[in-house]
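Asks: Have a look at the structure that comes next, please.
The values are calculated or read from the model by the stated rules, or taken from the named source; none is laboratory data. Predicted model, so just to flag it, every value in this text is computed and none were measured. All Cβ positions, even for glycine, are placed from backbone atoms using ideal geometry, and neighbour counts span all protein chains on display.
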Amino acid sequence: MKYKSTRGGVSDLNFTDAFLMGLATDGGLIVPQTIPNVDLDNLRDLDYNNLAFEIFRLFIDDIPYNDLRTLIGKSYSTFDTQEVTPVVKKNGLFILELFHGPTFAFKDVALQFLGNLFEYVLKKRNTYVNVLGATSGDTGSAAIYGLKGKENINIFILHPHNKVSKVQELQMTTVEDVNVYNLAIEGTFDDCQAIVKSIFNDLKFKEKYHLAAVNSINWARILAQIVYYFYAYFKSGVDKAYFSVPTGNFGDIFAGYMAKRMGLPIEKLILATNSNDILYRFVNYGDYSTGKVVKTLSPSMDIQVASNFERYLYYLSDENSIRVKELMDEFTRTKKLKFEGDLLKKVQLDFESYRAGVEDTLATIKRFYEETGYIVDPHTAAGVFAAIKAGYRDVICLSTAHPAKFPDAIMDAIGAYPEKPRAISELEDKNKRMWVLGNSVDEVKKFIEKKLQKG
Ligand SMILES: *Cc1c(COP(=O)(O)O)cnc(C)c1O
């Protein structure tokens, strides 16, 4: 399999180069040059790891099969169940539990694999990287757990000091591996992002210190997420699948779109948003225009520009890179795109979308709990809300986080806290390792320099 950029400026990359490139050098996103077709019967009875292997090898031909199997095995051995992503049936819905990894959120499925892949590839190439990123909570902890203790990698993660949830802060700062640096910045998440962006823009600094990112646009993350759509389809035993997906960056749901294009019988992808509804407006009205980000109960979906959207735009434009580039340039200029007529119909053939406000989210958690005894987290609740609105039978709802990560929202909804998994309650007694820094690019740069010169 070869890879290219959605904007056409890069092509014929093998998987490893595509993986290391992350964002394409022409500003586009990496996509496979063809979409492979699968034979469902060959996949039906496989366990998670073997299924992952069969799907990965369609997209990866520059890593020996044995090594690939080892990487997969290592990645999912950190999950608390061999099933990796179990499916449970509750009333008329299936819940695809994606939160059995070390940080209790679905990003582990991709980032556990990414960490091992990074280490493997860097060793082969005899080089190293220093990962730099900013987080408002979930992505940071999943990245830290993906990369902690890995050779040839350090990770520097900025978070806004005292402005992430208690569980998220503990998850990040109790990691004691020497290659992990938690930087608590005296500022907001936007300040953290601005610092990271500014450092990446200093190309000299970036090169000198081998800086790299692990953001949600890396193709390897999408690839890892395709697997559980297949897994859930087989486990649920449905004939034609409806998936409901709580969405922020269009990453998770794009993996579902790829699964469909590979031949998985998906009738509809139900796209669930919270009040940050750019994707809801896109699917229903063809209106892809940014609004102001508002705070909700599902912070990992508080996003108004979906970083993976360009990948879908590429397929919506029939793989026309020139058109994609025009549209993305227009979007950069005007912060909006409009889709009408047949193009919008084409979107609605694959997707439908619902928006869950705060009240909808709380009411869904409550109602679902009363009817089934099962507690869903506020992100999953948006998906369950959308599935119920859509009204199909046997919808598979992606559950993206464990409810114990959002205890206050659960308390608001049902008047009780969710049970804490032991791994979360144990965090409170662990040592913390973090550095509080001012809201300053220079301070962060100096910190990085100091730590790297020492080692
Ligand atoms: C990141 C995240 C999402 C959104 O996923 P995207 O790939 O950005 O669409 C939903 N729920 C949780 C808990 C997340 O951490």
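Asks: Every residue in region 165-220 that is in a loop (DSSP other than H, G, I, E, B), closer than 29 Å to M258 by Cβ and modelled with pLDDT under 90, please. Please lay out each step first, then the result.
Replies: Within region 165-220, the subset in a loop (DSSP other than H, G, I, E, B) is 165, 174-179, 186-188, 202, 209-210, 213-218.
Those left that are additionally closer than 29 Å to M258 by Cβ: 213-218.
A213, V214, N215, S216, I217 - these are the residues of region 165-220 that are in a loop (DSSP other than H, G, I, E, B), closer than 29 Å to M258 by Cβ and modelled with pLDDT under 90.
Asks: Also, quick follow-up: List every residue pair whose Cβ atoms sit under 9 Å apart, with the two residues 6 or more apart in sequence or on different chains, where the first one lies in region 119-134 and is of a type in the set (G, A, S) and the second, anywhere, is assigned to a loop (DSSP other than H, G, I, E, B).
Replies: G133/A213; G133/V214; G133/N215
Asks: Just to check your reading of the model, which residue among L316, L297 is of a type in the set (A, V, I, L, M, F, W, C), within 23 Å of the chain's Cα centre (by Cα) and more than 16 Å from the ligand (Cβ to nearest atom)?
Replies: Matching residue, one of L316, L297: L316.
Asks: While we're on this one: Is it true that some residue in region 190-208 is free of Cβ contacts under 8 Å to residues at least 24 places away in the same chain, among the polar types (S, T, N, Q) and away from the ligand (no atom under 16 Å from the Cβ)?
Replies: yes
Asks: Something else now. Just checking, does region 258-280 include any residue being farther than 22 Å from I30 by Cα, within 14 Å of the ligand (Cβ to nearest atom), hydrophobic (A, V, I, L, M, F, W, C) and in a helix (DSSP H, G or I)?
Replies: Yes.
Asks: To continue, here is another question. So, in region 386-433, exactly how many residues are touching a Leu at 6+ places or on another chain (Cβ under 7 Å), modelled with pLDDT of 95 or more and aliphatic (A, V, I, L, M)?
Replies: Final tally of qualifying residues: 6.
Every residue, every condition in (1) surrounded by 24 or more Cβ atoms within 10 Å (Cβ to Cβ); (2) touching a helix residue (DSSP H, G or I) at 6+ places or on another chain (Cβ under 6 Å); (3) basic (K, R), yes or no:
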position	(1), (2), (3)
K89	no, no, yes
G92	no, no, no
A105	yes, yes, no
N130	no, no, no
S136	no, yes, no
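Asks: Answer yes or no as to whether T247 is touching a strand residue (DSSP E or B) at 6+ places or on another chain (Cβ under 7 Å), among the β-branched types (V, I, T) and surrounded by fewer than 24 Cβ atoms within 10 Å (Cβ to Cβ).
Replies: Details: touching a strand residue (DSSP E or B) at 6+ places or on another chain (Cβ under 7 Å): yes; among the β-branched types (V, I, T): yes; surrounded by fewer than 24 Cβ atoms within 10 Å (Cβ to Cβ): no.
Against the criterion (touching a strand residue (DSSP E or B) at 6+ places or on another chain (Cβ under 7 Å), among the β-branched types (V, I, T) and surrounded by fewer than 24 Cβ atoms within 10 Å (Cβ to Cβ)), T247 does not qualify.
Asks: Across region 214-257, what is the number of residues that are among the hydrophobic types (A, V, I, L, M, F, W, C) and within 12 Å of the ligand (Cβ to nearest atom)?
Replies: Start the filter on region 214-257 by keeping residues that are among the hydrophobic types (A, V, I, L, M, F, W, C), which leaves 214, 217, 219-220, 222-224, 226-227, 230, 232, 234, 238, 241, 243, 245, 250, 253-255.
If we keep only those that are within 12 Å of the ligand (Cβ to nearest atom) as well, we get 217, 222, 224, 245, 250, 253-255.
The total comes to 8.
Asks: Yes or no: region 406-418 includes at least one residue that is within 11 Å of the ligand (Cβ to nearest atom), surrounded by 24 or more Cβ atoms within 10 Å (Cβ to Cβ) and at negative phi.
Replies: Step one: filter region 406-418 for residues within 11 Å of the ligand (Cβ to nearest atom), giving 406.
Okay, now just the ones that are also surrounded by 24 or more Cβ atoms within 10 Å (Cβ to Cβ), so 406.
Right, trim to at negative phi and you get 406.
Yes: one or more hits.
Asks: Right, here's the next one. Of all residues in region 359-382 being β-branched (V, I, T) and within 16 Å of the ligand (Cβ to nearest atom), which is surrounded by the fewest Cβ atoms within 10 Å (Cβ to Cβ)? Walk me through how you get there before you give the answer.
Replies: Kept after step one, since they are β-branched (V, I, T), are these residues of region 359-382: 361, 364-365, 372, 375-376, 380.
So of that shortlist, the ones also within 16 Å of the ligand (Cβ to nearest atom) come out as 361, 364-365, 375-376, 380.
Values: T361: 27, T364: 24, I365: 27, I375: 21, V376: 30, T380: 33.
Only one residue fits best here, namely I375.
Asks: Cβ-Cβ under 6 Å, sequence separation 6+ or interchain: first residue in region 16-34 and within 17 Å of A224 (Cβ to Cβ) and in contact (Cβ under 8 Å) with a residue 12 or more places away in the chain, partner small (G, A, S) and buried (at least 23 other Cβ atoms within 10 Å of the Cβ). Which pairs?
Replies: Cβ pairs passing all conditions: F19/A220; I30/A18; I30/A24.
Here's the yes/no breakdown for (1) under 17 Å from I253 (Cβ atoms); (2) more than 22 Å from the chain's Cα centre (by Cα):
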{"residue": "R323", "(1), (2)": "no, yes"}
{"residue": "R333", "(1), (2)": "no, yes"}
{"residue": "Q348", "(1), (2)": "yes, yes"}
{"residue": "Y354", "(1), (2)": "yes, no"}
{"residue": "R367", "(1), (2)": "no, yes"}
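Asks: Just for region 47-77: of the residues that are out of contact with any Phe, Trp or Tyr (no Cβ under 8 Å at 6 or more places or on another chain) and not in a helix (DSSP H, G or I), which one is farthest from S399 (Cα to Cα)?
Replies: Of everything passing the filter in region 47-77, P64 is farthest from S399 (Cα to Cα).
Asks: Report yes if L111 is of a type outside the set (D, E), farther than 28 Å from S321 by Cβ and not in a helix (DSSP H, G or I), otherwise no. Spell out the reasoning first.
Replies: Numbers: of a type outside the set (D, E): yes; farther than 28 Å from S321 by Cβ: yes; not in a helix (DSSP H, G or I): no.
No, not satisfied.
Asks: Across region 258-296, what is the total count of residues that are among the charged types (D, E, K, R) and more than 26 Å from R393 (Cα to Cα)? Steps first, answer last, please.
Replies: The initial filter retains those residues of region 258-296 that are among the charged types (D, E, K, R), namely 260-261, 267-268, 277, 281, 287, 292, 295.
If we keep only those that are more than 26 Å from R393 (Cα to Cα) too, we end up with 287, 292, 295.
Residues meeting the conditions: 3.
Asks: I'd like the full set of residues that are touching a Ser or Thr at 6+ places or on another chain (Cβ under 8 Å), basic (K, R) and assigned to a helix (DSSP H, G or I), limited to region 399-442.
Replies: K405
Asks: If you check G115 against the conditions, is it closer than 18 Å to M21 by Cβ and either crowded, with 20+ Cβ neighbours inside 10 Å or of a type in the set (S, T, Y) (or both)? Please lay out each step first, then the result.
Replies: Values: closer than 18 Å to M21 by Cβ: yes; either crowded, with 20+ Cβ neighbours inside 10 Å or of a type in the set (S, T, Y) (or both): yes.
Yes; evaluated as a whole, the condition is true for this residue.
Asks: List the pairs whose first member sits in region 357-384 and is over 9 Å from A413 (Cβ atoms), whose second member is part of a helix (DSSP H, G or I) and away from the ligand (no atom under 16 Å from the Cβ), and whose Cβ atoms are under 6 Å apart, counting only residues at least 6 apart or on separate chains?
Replies: Every condition considered, the pairs that remain are V376/F368; V384/F368.
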